[in-house]
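The values are calculated or read from the model by the stated rules, or taken from the named source; none is laboratory data. For clarity, every value in this text was computed on a predicted model and none was experimentally measured.
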Amino acid sequence: ITAQDVAQEVVRTLVGSIGLVAAVPITTVIAAVVARRDDVPVVP
């Protein structure tokens, strides 16, 4: 095992973690945009 192998696995782990962490807010924004209804009147 070389330092390059270790570095490659560390980078893979970081990229995967960033992808998982970014997926939640991105999905939330998409759901909020899709679920927003402008044509429904607000009843007081």
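Descriptive notes on the structure:
- Ala3 of a type in the set (Gly, Ala, Ser), within 11 Å of the chain's Cα centre (by Cα) and modelled with pLDDT of 90 or more: no
- The listed residue being outside any loop (DSSP other than H, G, I, E, B), at pLDDT below 90 and at negative phi, out of Val40, Val34: Val34
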